[in-house]
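Shown next, in structure tokens, is the structure this report addresses.
The values are calculated or read from the model by the stated rules, or taken from the named source; none is laboratory data. As the structure is a prediction and not an experimental result, all values here were calculated from the model. Cβ sites come from the backbone with ideal geometry, for glycine too, and all protein chains shown count toward neighbours.
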């Protein structure tokens, strides 16, 4: 199979997967480009950041119009993730990478456990809250009205999400989806769509440096971005049809996969 | 909050920016990519300004990738307009602040690339 077609197919899968789960797809794209296509890590990360934007824009175009993405909440938390992403590089210099990776792996295992337990206890329960204006996303025909909780904690958490994203080179969605669903108690479908809306802003903050510096190979990025854009549009539509329990189950699997990768990095095997 | 004509910047406006912007950027990248496949393309790993100045398909790829990365800026601009029109002052200030951060990041990246 031609090299470019493989790149486009990889992008298609990552885009669909990312839009379904509120991730940017970077956790797939970076390993695919580095391990599968022998691309240097900096070029893979730069390309991945542009693909995260493509996943976000392709999916959010569908989700915002359908009322699934909570724009007000997304921009408020986006402020935290953007600041976090911009400061991530500074913090990265203060802690050893292995320590960060170990902490992140622990956080992911805890997140997976909590999400799985929550899904088993209350599979599709919408929640109620103290911030009624955030119920804007309930305009969508299929999503029940909801209210979010613990806004100040979530804003702080979004800063951490952006920071972790900048520190560890993973999509911020792996943190913002649990933040929206577990901390703020937004329904999983709203959490996924809002996270998908937010990650474009977070990725853009970091992408400019890679793009202007010449760390992105445009001839490689082009087929991947084209695949991602198509995959994201498909994934956003699939996400609306999947049952909440399936979304959570898929997300838990991905979180555990990332936790495993981070644990391997912590012990020096990856 | 909708205008009198029913156009809501926070949903219709943002969705339009995303939909049109994605179509335009993906379209430019696709055309540049196809031209490159047919007629050949040089080294694509260059600083953005060199890429855009490279001519032919490289210029299209560079412009397309830049357009794609500017879409979040457009989304925040549309959101700022929406919040201003609906009188949500604190949310408008938040979106303008995030917009400023992204533009500052863009300017810093461009300046550092030129200096380096």
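In table form, for the structure just shown:
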item	result
Residue B:51 in a helix (DSSP H, G or I), within 9 Å of chain A (Cβ to nearest Cβ) and within 16 Å of the chain's Cα centre (by Cα)	no
Selection status of residue B:17, surrounded by fewer than 20 Cβ atoms within 10 Å (Cβ to Cβ) and touching a helix residue (DSSP H, G or I) at 6+ places or on another chain (Cβ under 9 Å)	no
Flag if residue A:186 is within 8 Å of another protein chain (Cβ to nearest Cβ) and touching a helix residue (DSSP H, G or I) at 6+ places or on another chain (Cβ under 9 Å)	no
Tabulated pairs, the range A:208-231, first more than 7 Å from every other protein chain (Cβ to nearest Cβ), second not in a helix (DSSP H, G or I), C-beta under 6 angstrom, 6+ apart or interchain	A:210/A:216
Sole exception among (1) more than 10 Å from chain B (Cβ to nearest Cβ); (2) within 24 Å of residue A:235 (Cα to Cα) for residue A:74, by number	(1)
Identity of the residue in the range A:1-24, buried (at least 16 other Cβ atoms within 10 Å of the Cβ) and within 14 Å of chain B (Cβ to nearest Cβ), that ends up farthest from residue A:64 (Cα to Cα)	A:4
Qualifying positions in the range A:232-244 - crowded, with 24+ Cβ neighbours inside 10 Å and within 10 Å of chain B (Cβ to nearest Cβ)	A:232
Filter pass, residue A:254 being within 19 Å of residue A:17 (Cβ to Cβ) and assigned to a helix (DSSP H, G or I)	yes
Flag if residue B:38 is touching a residue at least 24 places away in the same chain (Cβ under 8 Å) and more than 7 Å from chain A (Cβ to nearest Cβ)	no
Hits in the range A:1-35 (condition: at pLDDT below 80, in a helix (DSSP H, G or I) and over 16 Å from the mean Cα position of the chain (by Cα))	A:34, A:35
Residue identified as crowded, with 17+ Cβ neighbours inside 10 Å, at pLDDT 65 or above, closer than 23 Å to residue A:23 by Cβ and in contact with a strand residue (DSSP E or B) (Cβ under 9 Å, 6 or more places away or on another chain) among A:111, A:148	A:148
Single condition residue A:218 does not satisfy, out of (1) out of contact with any strand residue (DSSP E or B) (no Cβ under 8 Å at 6 or more places or on another chain); (2) at pLDDT 85 or above	(1)
Residue count, the range B:58-116 (criterion: more than 9 Å from chain A (Cβ to nearest Cβ) and part of a loop (DSSP other than H, G, I, E, B))	2
